[in-house]
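The values are calculated or read from the model by the stated rules, or taken from the named source; none is laboratory data. This structure is a prediction, so every number in the text was calculated from the model and none was measured. Because the Cβ atoms are built from the backbone with ideal geometry, glycine has one as well, and the counts that use them run over all protein chains shown.
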């Protein structure tokens, strides 16, 4: 993979959004979030999604200007109508509000209906963990479906990812997991490349487990986390939980039959200092990290690593030495730059 300077990618992506009619602050946050996804190694949910966002902006499915509407405002949190504004900007705005309020209340939540797609969830927690707080963000796309319920064969809900981050005395722990074996983005990428999954992570239209991603385009489904022959009932249960925390809690979701690419979102921030103490919290979380890493590995296997550890190492390397872009991304980015009359970033 060719490397590109992170700062150049950020400037170019920001310029593309600005030329598309997006407010400057929204364009900056959006670009930062996409680059962060690639920095952390989530390259299906970074710049790979740029064409869909730019096309959505041009078509009016995503709004580039304006503010969310506050639907409810209580001591514990707020509910927003995101009005199809840029998802990353809405999540950043919600997280900053929740972080500030949690300093007083200990915990604060923002529920968002009708956000546009929010990109890579792992891109959000580190900003909050740096403040000594814990963040949880989860989402669903109520206008689409790709995952079958455990025991079923038809699409019902989306992969329903959940990301969380919390501070330790040895750096943050950051998780980003979907409630399905894989994601729509990875399935589509493998299908386009003629590849296959290492295991039977999908079902074909008849409910037979398969590793062939092309089955998805033929009315196949993603399996819930745990799979048809294993603990898929647990993944299905977790998917229903995410649906309740996002779609149901925001008050506008699948039962309303919404149209267009988007998200129902929950952003939750917890301030450990308002419960026990921040020092006690990070002492315990740091102990767990240290003990996990010191745990003897399986014979012949690598050392235990904690969630987010590899991603943060990859981010540090790519900030210093350039961002590795998936081979499909530079040609796409060059095409979008050419259309917009913006200079394509030079590789390193």
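Key figures
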{"quantity": "Any hit, segment 183-191, residues being modelled with pLDDT of 95 or more and part of a loop (DSSP other than H, G, I, E, B)", "calculated": "no"}
{"quantity": "Filter result for residue 160 (under 15 Å from the mean Cα position of the chain (by Cα), at pLDDT 95 or above and crowded, with 17+ Cβ neighbours inside 10 Å)", "calculated": "yes"}
{"quantity": "Residue in segment 23-41 that is part of a loop (DSSP other than H, G, I, E, B), over 15 Å from the mean Cα position of the chain (by Cα) and farther than 18 Å from residue 315 by Cα present", "calculated": "yes"}
{"quantity": "Residues of segment 225-236 classified as in a helix (DSSP H, G or I), crowded, with 17+ Cβ neighbours inside 10 Å and either free of Cβ contacts under 8 Å to residues at least 24 places away in the same chain or at negative phi (or both), total", "calculated": "4"}
{"quantity": "Cβ pairs under 9 Å, 6+ apart, first in segment 93-104 and closer than 17 Å to residue 25 by Cβ, second assigned to a helix (DSSP H, G or I) and at pLDDT 95 or above", "calculated": "93/29; 95/125; 95/127; 95/128; 96/127; 96/128"}
{"quantity": "From 251, 260, residue being in contact (Cβ under 8 Å) with a residue 60 or more places away in the chain, within 21 Å of the chain's Cα centre (by Cα) and either closer than 19 Å to residue 71 by Cβ or surrounded by fewer than 18 Cβ atoms within 10 Å (Cβ to Cβ) (or both)", "calculated": "260"}
{"quantity": "Single match in 77, 106, 82, 64 (criterion: within 30 Å of residue 286 (Cβ to Cβ) and crowded, with 19+ Cβ neighbours inside 10 Å)", "calculated": "77"}
{"quantity": "Positions within segment 101-113 being in a helix (DSSP H, G or I) and either modelled with pLDDT under 95 or touching a strand residue (DSSP E or B) at 6+ places or on another chain (Cβ under 8 Å) (or both), in sequence order", "calculated": "101, 102"}
{"quantity": "Flag if residue 213 is touching a helix residue (DSSP H, G or I) at 6+ places or on another chain (Cβ under 6 Å), farther than 30 Å from residue 80 by Cβ and surrounded by 18 or more Cβ atoms within 10 Å (Cβ to Cβ)", "calculated": "yes"}
{"quantity": "Hits in segment 66-88 (condition: out of contact with any strand residue (DSSP E or B) (no Cβ under 9 Å at 6 or more places or on another chain) and part of a strand (DSSP E or B))", "calculated": "74"}
{"quantity": "Condition met for residue 91 (modelled with pLDDT of 95 or more and not in a strand (DSSP E or B))", "calculated": "yes"}
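Results for (1) more than 18 Å from residue 36 (Cα to Cα); (2) within 21 Å of the chain's Cα centre (by Cα); (3) part of a helix (DSSP H, G or I), shown as yes or no for each residue.
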position	(1), (2), (3)
299	yes, no, no
306	yes, yes, no
316	no, yes, yes
319	no, yes, yes
334	yes, no, yes
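Table: residues versus (1) part of a helix (DSSP H, G or I); (2) modelled with pLDDT under 95; (3) touching a strand residue (DSSP E or B) at 6+ places or on another chain (Cβ under 6 Å); (4) closer than 26 Å to residue 106 by Cα.
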| site | (1), (2), (3), (4) |
| --- | --- |
| 265 | no, no, yes, yes |
| 291 | yes, no, no, no |
| 296 | no, no, no, no |
| 310 | yes, no, no, no |
| 327 | no, yes, no, no |
